[in-house]
């Protein structure tokens, strides 16, 4: 086979290690406030993999977040851990700590996949 796909290195983290990750928001080009209290955020997206070979250009990506998403995004400063963000979310919105942990972790994972945040840790 001519093209072999490289296997990505998968780092397995325990729940405690995952909660200690510190998400850091990428630099934004512009942030426009929407009618519902959210924001429309523009970032520079650098393509990866086959897209990188095909396009070889960076592009601007627009992502719209609601008010809660903007609050979590603003807390992603590279110093605040996922645990601290979920505790804040739990206190402000009066939800169960387990529900807050799940919601914040899922949202940060989605933002990481879309290129809005990177995850920093002292473990690696």
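Quick note: the coordinates plus some simple rules give every number you see, no bench work behind them. All of these numbers come straight from a predicted model, not from anything done at the bench. Quick reminder, even Gly has a Cβ in these numbers, built from the backbone with ideal geometry, and neighbours come from all protein chains shown.
Overview of results
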{"read-out": "Cα→Cβ-extended label distance, 7 Å offset, between residue 94 and residue 29, nm", "value": "4.2 nm"}
{"read-out": "Sorted by Cβ density within 10 Å, fewest first, the residues 66, 101", "value": "66, 101"}
{"read-out": "Proxy reagent accessibility, fewest Cβ within 10 Å first, across 119, 102, 65, 15", "value": "15, 102, 119, 65"}
{"read-out": "Equivalent ellipsoid semi-axes - Cα gyration tensor, the range 15-119, angstrom", "value": "26, 17, 10"}
{"read-out": "Pairwise centroid distance, computed over Cα atoms, of the range 66-98 with the range 15-34, Å", "value": "10 Å"}
